[in-house]
Structures are given as structure tokens and as C-alpha cells.
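See below for the structure under consideration.
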Amino acid sequence: MHTELILLPSLSASRGPRGGLELTRKYMIGAAEYARHWPGPVTSLVRLSETRTTDMDHAEYFPGESETGLEVRPQDPEEMARRLSSAAAVVALLSRPERAAAKLCHKLGVPVIFVSEHSPRTERQIMAAQVSNPVIRLRRNLWLWRTERIRRTELLPIAAGLQCSGTPTYDTYAGLCRDTLLFFDNRVRQEAIIDDTALAAKVTALRQGRPLRLVFGGRFVAMKGVLELPRVAAELARRGVPFSFDVYGSGPLTAAIDARIRAEGLLDRMALRGVLDFESGWIPQLRENTDLFVCCHVQGDPSSTYPEVMSCGVPIAGYDNEAILGIVRDSGAGWGVPMFDVSALAQEIARLHADREEIATAATRARGFARQHAFETTFLNRVRHFIRNSRLPEALKGQSA
């Protein structure tokens, strides 16, 4: 009987100090939520890496200790085939590195449900943010072009289903798979979404006209546009807009951001606040002390940050990458300006400072959008999609519908 759901995550694991596997808490929480709804075992087969990722929420896990199965992915093709052959379904990223595993599943008669995160445009933007050498850029662009061709000609034709994280890939691929699901990834549960009392307090504070409480949170890497943030703050200061700007996170650009804050003379209103625990720190900060999330992402990565900040009644102002454009279109809870246009973004924030009712309306819309896409609802819908595209016995499919 085929009852196991096998996950082939895109992120790699590294060895922890005690010999376990280090992965992000975000990933493991998601895998555990799959297991709550899937009528059988759920197992992650992870690749090993010598280095950690730049994510900020690593934890060490041991096989058998978590709520789902966790194994190192077999390197031997025959061993991998044996491991996949009994699965009811396999979930893999729609990417070139998973081509071999996907084709193996297809050969074995195991349904593959792909997950898509980055559109071709976003991939090019991420690469451009990370690579300055024109020759290397040309090579990477060629590699990306070939990867997209593989998706369209080799992977999507064998897909049992496709799940698109955010609107950019949904708009790109929805017509190429017979069963495509759009979802907005996040880890905020219904109970943590801002309630009526707290939202009313936030709106009341907005109407008092005090300095805007601006926030950014995320990895300090080039693709997140973090070096743009001090430029925006400096332009706001020049325009005489009263504000405070708290920046949360960490990463290789920490020193560079700090230097720019100092160079712009912003120490009295802009500060790096480090990393907060997601549930006990970050979410309360957004819920209680934030009016507007400022986002200078220079690419359309479908960041879970977007729905997460909205769950706290916080709208978004930022560069109009395709992910922001999509979520603002669907939620009505944000504003976008042309990419790298610091002046336009500062002008928009200045306008909002003078029109607090527009921010208040967007905060209410943000909360409504978050309620529709809360963590539990999103993952239940995703598992139902896995189930209907799996080879689970019909009796189990019926029980889980």
C-alpha cells in the first residue's frame, strides 16, 4: 500500500554540533503541518552541505525526534529508486537540480507534485543582485534560460500537480499543468492574527499623527535590497517626515548597512535591532509597534514576510517587484514604486504620513487577507492538493478530503 509522502526540499542540511541535521525551523514546522493532514508517514530526504545557509532560524534535528521523518537523501541511484518506489507522492521543487529525481519518479509510476517559487524574471533579478561580472552574468543567464526550457519541456509535462508560491509563478505556469494551486507561504496561525481590539488600537495610534513607525525584517543579503533602506530613510529625513525605522535581521551585509546609517546621520531615528524570535518577538513587534513595512526587495521572491506582516495589520510600501505587485493586487494592502527609485518610495511614504486614513484602511485589508491565507488554511489546502494528485488508496483519499 502506497501511503508515504516524500518531500525533496530545496534547502540543504548541514551537520550540527551534536551530529544531527541542521535545518530551518520554518521548514520543519511546515513539514509537521503536512503530517497533521496527510493520512500516512511524511518523510523529508535532504541533501547534506558543508556550509549553513544564510537563513536565521536554524535548529538541530535528529531522525526520529521530530514530528516527521528525516533522512539524508541517498546518493546511489539504485538506492534512491528503492526509496522512492513505494511513495504515494513525491514533492519537489520545479528546478533543474530535481530533474533526475523527477524523471526517476515518473519511470517508477510515482506521482510528482512540483512546487514553484521563482519566475524566470525573478531568477534573473536574483542573479543580477548577486553577480557583477558581466561574463559570469552572461553564463548564468544562459544557464537560467536552459533551466526554464527544462521546466517547460521535461518537468511540467510529467507533473501530477503544481503548487505556486505567490502570483509570479502562478501567472507564468498555471496553464501548463492540469492541476495548479496558488498559495501564499507563511507561518502565522489564525490565533496569532491581530484581533479587533489590537487592530483598533493600531488605527487609533495612526490617527494621532505621531512619527511613522517603519520596519524591515529579513536576511541582510543583496537580493533583499537592504542597502537601499538607509537611502530611503535619508530621503525621508530630507523631506522632513517624522519617523522611526527599526531594521531586524542579520547577514553578510550587516556592517555595510550600519556604515550607511552612520554616513547618512540617521542614528537618531534608524537602528539595527538584530534577530527576534519569530513567535515571541517578531510577530508582537509587528502587531504592537509597527505602522508600515518598508520593502526594497530587488526581485520577486515570494517572501513569506508579505503575508506575515499583513497578519499583524501592517501594510507594505516597497519596490514593485512582481511578488509585491501580485500580493498588493490581491490584498489591497500596499503600495509599489519603480525599482530602485528611492525618491518615489520616500514620496509615497511621505504622502501616507499625511493621509493616515489610507494606512488604516490598508491595515484592515491586510488583516482580512491574512485571515484567508493563515498557516493552517494554507497547509490544509496544500495537503488536499497533494492527496488528490497522489496514488493513495481511494479509501484514504476519501477520509482525508
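Total residues in region 347-378 satisfying the condition of being open to solvent by less than 50 Å² (accessible area, probe 1.4 Å), among the hydrophobic types (A, V, I, L, M, F, W, C) and under 23 Å from residue 208 (Cβ atoms): the figure is 8. On inspection, residue 254 fails the criterion of being at pLDDT 95 or above, more than 24 Å from residue 339 (Cβ to Cβ), out of contact with any Pro (no Cβ under 8 Å at 6 or more places or on another chain) and among the hydroxyl-bearing types (Ser, Thr, Tyr).
Screening residue 217 with (1) touching a residue at least 60 places away in the same chain (Cβ under 8 Å); (2) open to solvent by less than 20 Å² (accessible area, probe 1.4 Å); (3) assigned to a helix (DSSP H, G or I) gives one miss only, at (3).
Given the criteria open to solvent by 20 Å² or more (accessible area, probe 1.4 Å) and not aromatic (Phe, Trp, Tyr), does residue 381 qualify? In short, yes.
Quick grid of which residues meet (1) within 30 Å of residue 248 (Cα to Cα); (2) at pLDDT 95 or above:
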| site | (1), (2) |
| --- | --- |
| 154 | no, yes |
| 157 | no, yes |
| 165 | yes, yes |
| 198 | yes, yes |
| 213 | yes, yes |
| 222 | yes, no |
| 228 | yes, yes |
| 231 | yes, yes |
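In region 28-40, is there at least one residue being touching an Asp or Glu at 6+ places or on another chain (Cβ under 6 Å) and surrounded by 15 or more Cβ atoms within 10 Å (Cβ to Cβ)? Checked against the condition, which is being touching an Asp or Glu at 6+ places or on another chain (Cβ under 6 Å) and surrounded by 15 or more Cβ atoms within 10 Å (Cβ to Cβ), region 28-40 yields at least one hit. Just to confirm my filter: which helices (runs of 4 or more DSSP H) fall fully inside region 118-193 and include at least 2 residues that are closer than 30 Å to residue 283 by Cβ? Qualifying helices (runs of 4 or more DSSP H): 120-130, 167-173. Cβ-Cβ distances below 8 Å connect the following pairs, each with a first residue in region 1-23 that is in contact (Cβ under 8 Å) with a residue 40 or more places away in the chain and within 14 Å of residue 47 (Cβ to Cβ), a second residue that is in a loop (DSSP other than H, G, I, E, B) and of a type in the set (Phe, Trp, Tyr), and a separation of six or more residues or different chains: 21/62.
Within region 230-250, if we keep just the residues that are surrounded by 19 or more Cβ atoms within 10 Å (Cβ to Cβ) and touching a residue at least 60 places away in the same chain (Cβ under 8 Å), the residue that is nearest to the chain's Cα centre (by Cα) turns out to be 249.
Restricting region 75-99 to residues that are in a helix (DSSP H, G or I) and touching a Phe, Trp or Tyr at 6+ places or on another chain (Cβ under 9 Å) leaves a set whose member that is modelled with the lowest pLDDT is 96. Checking the structure you have, find out if any residue of region 350-364 is in contact with a strand residue (DSSP E or B) (Cβ under 8 Å, 6 or more places away or on another chain) and either under 24 Å from residue 116 (Cα atoms) or of a type in the set (Asp, Glu) (or both). No, because not a single residue in region 350-364 is in contact with a strand residue (DSSP E or B) (Cβ under 8 Å, 6 or more places away or on another chain) and either under 24 Å from residue 116 (Cα atoms) or of a type in the set (Asp, Glu) (or both).
Among the residues making up region 61-108, those that are over 25 Å from residue 164 (Cα atoms) and either within 21 Å of the chain's Cα centre (by Cα) or open to solvent by less than 40 Å² (accessible area, probe 1.4 Å) (or both) are 66, 74, 80, 81. Of the residues examined, residue 179 is one that is touching a strand residue (DSSP E or B) at 6+ places or on another chain (Cβ under 8 Å) and of a type in the set (D, E, K, R).
Among what's in region 194-214 and is open to solvent by less than 10 Å² (accessible area, probe 1.4 Å) and either part of a loop (DSSP other than H, G, I, E, B) or touching a Phe, Trp or Tyr at 6+ places or on another chain (Cβ under 6 Å) (or both), pick the residue that is farthest from residue 372 (Cα to Cα). The selected residue is 212. The residues listed here are 309, 337; of these, the one that is under 18 Å from residue 187 (Cα atoms) and among the β-branched types (Val, Ile, Thr) is 309.
The strands (runs of 3 or more DSSP E) found entirely in region 16-61 that carry 3 or more residues being at pLDDT 95 or above are 42-46.
Applying a threshold of 6 Å to beta carbon distances and a minimum spacing of six or more residues, or different chains, the list of pairs starting in region 108-125 at a residue that is modelled with pLDDT of 95 or more and ending at one that is open to solvent by 50 Å² or more (accessible area, probe 1.4 Å) reads 111/391. If the condition is being β-branched (Val, Ile, Thr) and either within 23 Å of residue 219 (Cα to Cα) or open to solvent by 60 Å² or more (accessible area, probe 1.4 Å) (or both), then region 133-173 contributes 135, 136, 153, 167, 169.
Taken over region 251-267, residues that are over 11 Å from residue 229 (Cβ atoms), open to solvent by 40 Å² or more (accessible area, probe 1.4 Å) and not in a helix (DSSP H, G or I) amount to 3.
Scanning region 119-132 for residues that are out of contact with any Leu (no Cβ under 7 Å at 6 or more places or on another chain) and either open to solvent by 50 Å² or more (accessible area, probe 1.4 Å) or more than 16 Å from residue 300 (Cβ to Cβ) (or both) yields a count of 4.
Okay, residues lined up against (1) at pLDDT below 95; (2) under 14 Å from the mean Cα position of the chain (by Cα); (3) within 23 Å of residue 243 (Cβ to Cβ):
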position: 294; (1), (2), (3): no, no, yes
position: 303; (1), (2), (3): yes, yes, yes
position: 306; (1), (2), (3): no, yes, yes
position: 314; (1), (2), (3): no, no, yes
position: 337; (1), (2), (3): no, no, yes
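The values are calculated or read from the model by the stated rules, or taken from the named source; none is laboratory data. On a predicted model such as this, the values are computed, not experimentally measured, just so you know. Note that we place each Cβ from the backbone using ideal geometry, even for glycine, and neighbour counts take in every protein chain shown. Each accessible area value is taken on the protein alone, full model and side chains, heavy atoms only, with ligands, DNA and RNA left out. Shrake-Rupley method; radii C 1.70, N 1.55, O 1.52, S 1.80 Å.
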